[in-house]
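> Structure incoming, see below.
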Amino acid sequence: MSETTPPRIVIVGAGPAGIRAAAMLVEAGLHPVVIDEGQRAGGQIYRRPPAGFARTAKQLYGSEAAKASALHQLFDRLAEERRLTHCAGSSVIAVQKGRLHVLGEGGVQVIFHDRLILATGASDRVAPVPGWQNAGVYSLGAAQIALKAQGVALGRRIVLIGSGPLLTLVGAQLVKAGADVAAVLDTSPWHQQMRGLWQLAARPLVALRGLALRARLGGRYHAGVTLERIEADEKGVTAMRWRDASGWEHCTPCDMIGMGWHLRAETHLSDLAGCAFTYDEQWRQWLPKTDQMGRAGNGTYLAGDGARLLGADAAEIAGRLAAAACLADLGFPAPSTAADLRELARFERFALGMACAFPWPAAMMRALPDDAVVCRCENVTAGDVRESVDFGSGEANRVKSLSRVGMGRCQGRYCQLAAVELIAAQTGCTPATVGRLRGQAPVRPAPVGALLRDG
């Protein structure tokens with residue numbers, strides 16, 4: 001690269017990781033392009049409502065209000081000063097060598113790059129429950145987005161199910177906003193949650209805030225539950241049937257259910273970018289391989305929850321590290337990263353404790369009845385998946401081609417992990433042996449006309 005031609009660096013994602021990466025590149029005198037699906041920077045965790053929204057940052061983000069506001073102001077200032085290019089409301093739907101296909105209001109455009117920083121974040125990790133295909137069932141993230149962005153609850157009487165910090169956080173936020181939350185049902189029993197305490201002590205204030213949120217829920221919160229089924233009529237959800245830790249049956253009337261078991265890394269773009277993957281036994285999902293700085297090879301760098309599920313604070317650190325690695329690889333002076341690496345190790349200890357305390361319910365997946373829907377997009381049942389395994393093989397993509405699991409609009413984001421557990425149980429092997437569903441472009445639904453114009 002000549003001295004007169006600055007490197008073209010593209011960042012995908014304007015959450016905590018993407019914002020910090022962009023800021024460091026700007027400080028080095030570079031002009032990055034930041035592509036984000038949101039209209040305003042902040043990501044999912046610090047999602048901003050439309051202009052004129054009445055609720056304050058404190059009401060929206062609670063104890064994280066100062067961090068959220070600082071990130072918003074930093075990015076807005078850099079954009080207003082034209083020290084970076086912000087492609088808002090745009091989705092990267094395909095990655096090829098040196099170029100991205102980006103879907104925006106004007107259709108699909110091609111953006112070239114010399115270096116690519118993927119800060120794609122994470123989305124809800126959901127587990128199929130019999131009846132979850134009915135109207136009125138949402139992810140926890142969807143319920144939180146509706147509350148933050150529009151100030152509304154998605155139901156008049158709400159039940160939340162799953163496990164992990166987002167479960168109690170969304171429950172407490174809905175209660176504080178005045179919503180009728182009938183029950184918060186956690187599949188992780190108390191004794192399991194206690195196993196993660198040692199590692200959770202790596203961030204004691206965060207752990208204490210989690211306990212405070214749970215206390216706010218009071219008798220609504222139940223640990224160690226068994227989820228039986230979601231009942232519904234032609235209008236949608238009517239009740240949640242479940243068993244408590246003692247085995248007693250309950251039927252809780254409701255018209256909305258929010259579900260989620262922590263998070264899953266958003267890895268479709270890193271897959272298309274050629275990154276290598278490894279199966280993480282602790283998180284029970286496939287994650288891209290990087291070095292400590294976020295290098296994934298071929299001029300690609302990963303930062304935030306799209307690489308390692310460590311949360312918003314760690315994402316800021318990872319964004320700085322990825323930018324520092326990018327600068328060093330391009331021959332630019334890079335700041336010292338020793339302190340950030342030490343801090344990131346502390347976040348990793350905490351995350352391991354979280355994964356231990358609130359595990360993915362693999363046994364629940366393997367015990368799904370044959371008529372339970374696994375893939376909502378294509379209406380594929382657990383029986384369909386098992387039959388495809390028996391007819392074909394125990395490899396994930398072979399089962400996909402036979403059953404259509406993971407072929408719908410979500411591209412396997414919501415069904416892949418459960419399908420892999422079913423395949424593993426049917427073949428008597430491990431999820432790591434089953435493999436993962438390969439990413440395919442477009443990674444988001446796109447109009448055919450836009451793709452044709454892209455050529």
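The values are calculated or read from the model by the stated rules, or taken from the named source; none is laboratory data. Please read these numbers as outputs of a predicted model, since none were measured by experiment. Positions of Cβ are backbone-derived with ideal geometry, glycine not excepted, and every protein chain shown enters the neighbour counts. Note: accessible area is taken over every heavy atom of the protein model, side chains too, but ligands, DNA and RNA are not part of it. Shrake-Rupley method; radii C 1.70, N 1.55, O 1.52, S 1.80 Å.
> Out of everything in segment 174-185 that is without any contact (Cβ under 8 Å) to a residue 60 or more places away in the chain and surrounded by 19 or more Cβ atoms within 10 Å (Cβ to Cβ), what residue ends up being farthest from G210 (Cα to Cα)?
Out of the qualifying residues, it is A179.
> If you don't mind, there's one more thing I want to ask. Among (1) modelled with pLDDT under 95; (2) closer than 15 Å to A362 by Cα, where does A382 come up short?
Failing condition for A382: (1).
> Sort through W261, W283 and tell me the only one that's of a type in the set (F, W, Y), in contact with a helix residue (DSSP H, G or I) (Cβ under 7 Å, 6 or more places away or on another chain), closer than 23 Å to L368 by Cα and buried (at least 21 other Cβ atoms within 10 Å of the Cβ).
W283
> A further question follows. If A323 satisfies all but one of (1) within 18 Å of the chain's Cα centre (by Cα); (2) buried (at least 22 other Cβ atoms within 10 Å of the Cβ), what's the number of the condition it fails?
(1)
> For segment 113-128, does any single residue satisfy the condition of being farther than 30 Å from L25 by Cα and open to solvent by 40 Å² or more (accessible area, probe 1.4 Å)?
For segment 113-128, residues farther than 30 Å from L25 by Cα and open to solvent by 40 Å² or more (accessible area, probe 1.4 Å): absent.
> Could you tell me whether R438 is closer than 28 Å to I93 by Cβ, over 25 Å from the mean Cα position of the chain (by Cα) and open to solvent by 70 Å² or more (accessible area, probe 1.4 Å)?
No: the conditions fail for R438.
> Among what's in segment 278-308 and is part of a loop (DSSP other than H, G, I, E, B) and within 20 Å of D36 (Cβ to Cβ), pick the residue that is farthest from the chain's Cα centre (by Cα).
Step by step, filter segment 278-308, then rank; the result is G294.
> Moving on. Name the single residue that is nearest to E228 (Cα to Cα) among those in segment 364-406 being assigned to a loop (DSSP other than H, G, I, E, B) and basic (K, R).
Applying the filter and picking the extreme gives R376.
> I need the full set of residues from segment 221-277 which are outside any strand (DSSP E or B) and within 30 Å of L118 (Cα to Cα), in order please.
Of everything in segment 221-277, those that are outside any strand (DSSP E or B) and within 30 Å of L118 (Cα to Cα) turn out to be H262, E266, T267, H268, L269, S270, D271, L272, A273, G274, C275, A276.
> On to the next question. Can you tell me which residues in segment 428-442 are in contact with a helix residue (DSSP H, G or I) (Cβ under 9 Å, 6 or more places away or on another chain) and within 21 Å of Y279 (Cα to Cα)?
C429, T430, P431, A432, T433, V434, G435, R436, L437, R438, G439, Q440
> Quick one: A182 ticks every box in (1) over 21 Å from D244 (Cβ atoms); (2) out of contact with any His (no Cβ under 9 Å at 6 or more places or on another chain) bar one, so which box is it?
In the conditions (1) over 21 Å from D244 (Cβ atoms); (2) out of contact with any His (no Cβ under 9 Å at 6 or more places or on another chain), A182 misses (1) alone.
> Among the listed residues P7, P16, P50, which satisfies the condition of being touching a residue at least 60 places away in the same chain (Cβ under 8 Å), in contact with a Leu (Cβ under 7 Å, 6 or more places away or on another chain) and under 30 Å from A172 (Cβ atoms)?
P16
> Further, regarding this structure: Please find, within segment 401-413, the residue that is nearest to A127 (Cα to Cα) out of those that are surrounded by fewer than 24 Cβ atoms within 10 Å (Cβ to Cβ) and not small (G, A, S).
Taking the candidates together, the pick is R413.
> Out of A296, A318, A276, I need the residue that is in contact with a Ser or Thr (Cβ under 6 Å, 6 or more places away or on another chain), open to solvent by 10 Å² or more (accessible area, probe 1.4 Å) and modelled with pLDDT of 95 or more. Which one?
Exactly one residue qualifies, and that residue is A296.
> Pick from segment 359-383 the residues that are under 27 Å from the mean Cα position of the chain (by Cα) and among the charged types (D, E, K, R): which of them is most open to solvent (accessible area, probe 1.4 Å)?
Result: R376.
> Another one. Only one of (1) closer than 30 Å to A182 by Cα; (2) of a type in the set (K, R); (3) modelled with pLDDT under 95 is not met by R308, so which one is it?
(1)
> Enumerate the pairs (first residue in segment 227-246 and more than 14 Å from I257 (Cα to Cα); second residue anywhere and part of a loop (DSSP other than H, G, I, E, B) and of a type outside the set (D, E)) with beta-carbon separation below 7 Å, excluding pairs fewer than 6 apart on the same chain, so at least 6 apart or on different chains.
That search, which allows pairs on different chains as well, returns R243/V225; D244/V225; A245/P189; A245/G224; A245/V225.
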